[in-house]
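Encoded as structure tokens, the structure appears first; notes follow it.
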Amino acid sequence: MAFITETLAGDKRIQLGNEEFMRAFSFGNNWNQITVAWRMTLFDRPVTFIGSIAVGVCKGAATSFLKGTVVDFIGITNNPTISTYTRLANNSGFTTPSNNNAYVSIRKVGGTALYGTGMDSGQTSTYLNQYAAGPGAGVCTITRSPAGFTGSWGYGNATSITRFQSLQNAEGSTNGFISVATSTPVLACGDFYDTLNISWANSVPVLEISDVTVARIK
């Protein structure tokens, strides 16, 4: 069960430790493209660790990525076997490596996961994904069609942002990002997804989310 915390006065957060956050869309399944923008913080830890985050959509609360009993999820995740989080100097946040499989599109049905290729494939080390000490920027866009879906991921720069800047990101800005890269290839998907799903697969350290915005683009 996720907790509501107030690490900073006036900033109530959802705390995830091997847990997930879910929210049904007010527009249900009536969308072809959405952008999810959020502000998040990783608790300080003096050593490196392997971490896994997944952001996407599912068909109702029972079909979630991490804890669902009947999974049907599409979105973006990172490869937990290679995504090592390294503490930045002066507790300014954490960074994960840039490589061909760091962040990928994924469709998970039941216990079977189908992955796309790395979204930073062929890019330079400037695409290191950095997580601010808090709260930093996150963004993910999912576009679907009869052919399937693609996703994009914002590569953070360890800069804290405001709620207003996060709202701008939901509309296409890139506050707090080095770059935003799109997944390949198009992956097959189902035809009904009405619930936001954000999961963090680690008990230590916990991930805290200050706010989440979902914008229906089309």
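Quick notes
- Of the set (1) buried (at least 21 other Cβ atoms within 10 Å of the Cβ); (2) part of a strand (DSSP E or B), all apply to Val180 but (1).
For (1) surrounded by 21 or more Cβ atoms within 10 Å (Cβ to Cβ); (2) within 16 Å of Gly118 (Cα to Cα); (3) modelled with pLDDT of 85 or more, each residue gets a yes or a no:
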| position | (1), (2), (3) |
| --- | --- |
| Glu6 | no, no, no |
| Lys12 | no, no, no |
| Ile50 | no, no, no |
| Val55 | yes, yes, yes |
| Thr63 | yes, no, yes |
| Lys67 | no, no, yes |
| Ile82 | no, yes, no |
| Phe94 | yes, no, no |
| Ala102 | yes, yes, no |
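- Subset of region 21-35 [touching a Lys or Arg at 6+ places or on another chain (Cβ under 6 Å) and not aromatic (Phe, Trp, Tyr)]: Asn32, Gln33, Ile34
- Per the conditions (1) outside any strand (DSSP E or B); (2) of a type outside the set (S, T, N, Q); (3) touching a helix residue (DSSP H, G or I) at 6+ places or on another chain (Cβ under 6 Å), the sole criterion not satisfied by Phe164 is (3).
- Any hit, region 118-135, residues being modelled with pLDDT of 95 or more and polar (S, T, N, Q): no
The values are calculated or read from the model by the stated rules, or taken from the named source; none is laboratory data. Only a predicted model underlies this, so the values are computations on that prediction, with no experimental measurement involved. Backbone-built Cβ (ideal geometry, glycine too); neighbour counts: all protein chains shown.
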